Amino acid sequence: DGASGRRRLSCAERYASAAPPATIAQRAILVDVRERTPLLRHLLETEAGWTRLLVFVASQKSAEHVAAKLRRSAVAAEAFHGGLSQEVRAQRLDDLRASRLRVLVATDSAARASTRLRASRHSALPL
């Protein structure tokens, strides 16, 4: 806000400074690009508490690609991005909340656009 002399925070700054709710655990793992999906599949198999997961990716194409790979591995997964209608995005959020989906693979822009979803970029979050 220029009038008061205070600088407005960007979305990234607001989310970076916000602590996640106690019911959400955040985890970031640095891994080679080729190993990301195999590692995600491994974690889905070995992490008992990961019943519902929100995974962030950089693009719509990546969201569709990762969700398709997970489905081929018998994981209930769908993409969540701005190329989908609001109705489809709302249904996928509802499906995740109701445990009809185990993994929602989202772009950060789609997550920000939804007023019903708040989370940090590039995270895998058991919900």
Self-check item: Selected residue [more than 10 Å from ALA106 (Cα to Cα), at pLDDT 95 or above and out of contact with any Asp or Glu (no Cβ under 7 Å at 6 or more places or on another chain)] from ALA68, ALA90
Solution: ALA68
Quiz item: What is the residue count in the range 78-107 for residues that are closer than 11 Å to LEU54 by Cβ and either open to solvent by less than 20 Å² (accessible area, probe 1.4 Å) or under 10 Å from the mean Cα position of the chain (by Cα) (or both)?
Solution: 8
Self-check item: Candidate set from the range 28-45 (those that are open to solvent by less than 70 Å² (accessible area, probe 1.4 Å) and among the aliphatic types (A, V, I, L, M)); member that is modelled with the lowest pLDDT
Solution: VAL31
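Here are some residues: ALA25, ALA48. Which one is part of a loop (DSSP other than H, G, I, E, B), small (Gly, Ala, Ser), closer than 23 Å to ARG97 by Cα and open to solvent by 90 Å² or more (accessible area, probe 1.4 Å)?
None of the other options fit; the residue is ALA48.
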Quiz prompt | Per-region count, the range 51-77, residues in contact (Cβ under 8 Å) with a residue 40 or more places away in the chain, in contact with a helix residue (DSSP H, G or I) (Cβ under 7 Å, 6 or more places away or on another chain) and open to solvent by 40 Å² or more (accessible area, probe 1.4 Å) | solution = 1
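The values are calculated or read from the model by the stated rules, or taken from the named source; none is laboratory data. Predicted model, so just to flag it, every value in this text is computed and none were measured. With ideal geometry, Cβ positions are generated from the backbone for all residues, glycine too; neighbour counts draw on all protein chains shown. Protein only, heavy atoms only, side chains kept; ligands, DNA and RNA dropped before computing areas. Shrake-Rupley method; radii C 1.70, N 1.55, O 1.52, S 1.80 Å.
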